[in-house]
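This report concerns only the one structure given below.
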Amino acid sequence: MRVETKAPREACCSKLKLFLVSLSFVYFAKSFGGAYMKSSITQIERRFDIPSSLIGVIDGSFEMGNLLVIAFVSYFGAKLHRPRLIGTGCLIMAVGSYLTALPHFFQGAYKYETSMSHSVDTNATESILPCLTNHSMVAKDTPSSEMKAACEKEAGSSMWVYVFLGNMLRGIGETPIMPLGVSYLDDFSREENTAFYLACIQTVGILGPMFGFMLGSFCAKIYVDIGSVDLDSLTINHKDSRWVGAWWLGFLMTGTVVLLSGIPFWFLPKSLPKQGQCRDQDQDQDQDQDQNPDTELSVEAEQQQNFLPGENHNQEKKEKPVSFSELAKDFLPSVKRLFSNRVFPLILLTSLVAVNGFIGMITFKPKYMEQIYGQSPSKAIFLIGIMNLPAVALGIITGGLVLKRFKLGIVGAARVSWGASCTSFLLLLLQYFLHCDNAELAGLTVSYQGAPQLSYQPQTMLSQCNMGCSCSLKHWDPVCAYNGLTYASPCLAGCQTSTGASRDMVFHNCTCVGEMVTAPGMNMSAVLGQCPRRSDCDAMFKVYMAISVLGAFVSACGGTPGYIVLLRSIQPDLKSLALGMQTLIVRTLGGIPPPIYFGALIDQTCLKWGSKRCGGRGACRLYDANAFRMTFLGLIYTLYFLANLLWGFLYYRVAQRQRKAERRTEATLNALEGNGLSKAHANIHITTDPHEVDRESTI
């Protein structure tokens, strides 16, 4: 008999392990694509010349896709073939990634704004008047409506819609992975192993963002039209605010990875035996012959009945086939039961506020590092991927190991999660004091004499030194002078001649540079590009990164415990629906609005807007660093402070319910002992009102 049952036991075990490995790979793949999308926000914004508020809408389209189907997938999917639904979702995600990259192949070549027409002949020596070449450019600032329409059609300025639709399709495809995958794993694994399995999955999943940001950093250094333009003719590099990297290349790669990750799910069964059930099958049969089945009570059922009174956890019953109409009829009552749970809405609200802060922070953190500390987008993305995300992965696995090592229950998990949230908030507060001064740009952040400037108006970019040049105030072609100041264009610097070509062009006899020259014979030249920040800014940035990495680790330590609080607070038959509803509401109200209102408020701190190729306002080129910092961090502080208050109240409710459950169980045991029914494994059944049970079983 033991030889005959050996193969099924191994098959049972191997299939659960296969599902665990496959789900981990899918978590990696979906987070890989999602992180690459986040890392490409700046490149997409520049490529399509759109403001931060609109890029927030594009970024939120992923959650919009989730909103369309998450409730139905979570509820009906739990009754259907969950692995195949996950495989189908991966296929849809891959199609969405390919659709996102599609505009690149239909758009014309990227033409960045510039006030100069540069020669590509490296041996040429020009003797021109840069400040006078803009006479012909002024007329082009206001093109006619016919010219604008023809230009927009040629440039494909509305092609960002395909990025929006592709990202939405990715959101639709990602829908079944989390609720169906986690519920499938929790249903067929031992209860004591669930926390560790979830930590493993999330740890592997966090490697996806790490590689996604690294891929984003790599693609940001590659010019968008690589292979179709002469790179030697470019006058900008990857540090310039007009540079656009090969954003489309990464979407082709992430789509392929997601497509491959969904293949194993087509070969997994609809259900599996409970972990350990095959191993203990013979022993259970022998015990059933000697013991009354009514007196058996498993450890899992005992724990669940202590905390979820009135639940009948009879997992030996066979699942009856249920029709689609019956499922639909039971949907609204199940939702009502779920929200009558007093703790679930509180968990939902806490998650919603915290996710608002996190999504807004991670969306615009590369831009924050670029504007506050003068880092290039590619370096900012790379550092997030190589430093912050590994710290998050280590924090997630640490939280899971703490739960397993100390065998913490739901109250202990809530305590760990709340403590991690408060500590990370304190570390986040330190970032307010870690900043650099504004970039010194003549006419915007400082005067032409180098003094700090409080009023930022377009007319302040004009001075006596460039008044005779008839410069356009819309163009952005920054040059760095040897006096340490950046000027918005060679014309506004008052440069008279230029030599060299492409990136090696040097401008000479710049009259505005001469205003700050104190000694005769000093260099009055300027080179292309913005001036670097002061040396003390690098030291400040290193401290900022250290605090940021430590905060990411501490915050992630509360991730797995917080997830366990949710899982253990919900009745088993509502687990998939609860996860789906949480995903629906949190992603709808926590994923869509933050990039939009964060982006809209950040736009208010812009000092210099770029100009579209066809006229009109393009992407922002330079922000007021102080206003950006106060706006960005102020929003995050407000949201995280509110989330910590809610976590404290949630912990109080969880602890209160746990004490009530313990007193109720103790009273029942005492009553049974008084009636002479105090067997070691007595079957405990508490009869209560069904509606009261649903309310009390929220934890």
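Rundown of residues vs (1) surrounded by fewer than 19 Cβ atoms within 10 Å (Cβ to Cβ); (2) at pLDDT below 85; (3) touching a strand residue (DSSP E or B) at 6+ places or on another chain (Cβ under 6 Å), yes/no style:
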| position | (1), (2), (3) |
| --- | --- |
| Cys491 | no, no, no |
| Pro520 | yes, yes, no |
| Val527 | yes, no, yes |
| Cys531 | no, no, yes |
Q.
Pairs please, first residue from the range 53-69 and under 12 Å from Arg587 (Cβ atoms) and modelled with pLDDT of 85 or more, second anywhere and acidic (Asp, Glu) and open to solvent by less than 40 Å² (accessible area, probe 1.4 Å), Cβ atoms under 9 Å, 6+ apart in sequence or on different chains.
A. Phe62/Glu174; Gly65/Glu174
Q) Using beta carbons and a limit of 8 Å, which pairs, at least six apart or on different chains, have the first residue in the range 573-585 and among the polar types (S, T, N, Q) and the second one not in a helix (DSSP H, G or I)? A) Ser576/Ala78; Thr583/Thr175
Q. Within the range 343-360, is even one residue over 20 Å from the mean Cα position of the chain (by Cα) and outside any helix (DSSP H, G or I)?
A. yes
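Residue-by-condition table, conditions (1) of a type outside the set (Phe, Trp, Tyr); (2) surrounded by fewer than 18 Cβ atoms within 10 Å (Cβ to Cβ):
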{"site": "Gly590", "(1), (2)": "yes, no"}
{"site": "Gln604", "(1), (2)": "yes, yes"}
{"site": "Met630", "(1), (2)": "yes, yes"}
{"site": "Leu639", "(1), (2)": "yes, no"}
{"site": "Leu646", "(1), (2)": "yes, no"}
{"site": "Tyr651", "(1), (2)": "no, no"}
{"site": "Val654", "(1), (2)": "yes, no"}
{"site": "Ala667", "(1), (2)": "yes, yes"}
Q | Hits in the range 394-423 (condition: surrounded by fewer than 22 Cβ atoms within 10 Å (Cβ to Cβ) and more than 19 Å from Asn193 (Cα to Cα)) | A | Arg415, Gly419, Cys422, Thr423
Q) Which one of these is over 39 Å from the mean Cα position of the chain (by Cα) and closer than 24 Å to Gly374 by Cβ: Val506, Val479, Val446? A) Val506
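This table checks each residue for (1) open to solvent by 60 Å² or more (accessible area, probe 1.4 Å); (2) at pLDDT below 75.
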site: Ala139; (1), (2): yes, yes
site: Ala155; (1), (2): no, yes
site: Leu169; (1), (2): no, no
site: Ile177; (1), (2): no, no
site: Asp186; (1), (2): no, yes
site: Leu198; (1), (2): no, no
site: Asp232; (1), (2): yes, no
site: Ile236; (1), (2): no, no
(Q) Condition (residue is surrounded by 16 or more Cβ atoms within 10 Å (Cβ to Cβ), farther than 29 Å from Cys491 by Cβ and at pLDDT 85 or above) applied to the range 442-454: is it met by at least one residue? (A) no
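The values are calculated or read from the model by the stated rules, or taken from the named source; none is laboratory data. Since the structure is predicted, the reported quantities are computational estimates derived from the model, not experimental observations. Don't worry about glycine lacking a Cβ; one is built from the backbone with ideal geometry, like all the others, and counts go over all protein chains shown. With ligands, DNA and RNA removed, areas are computed over all heavy atoms of the protein, side chains included. Shrake-Rupley method; radii C 1.70, N 1.55, O 1.52, S 1.80 Å.
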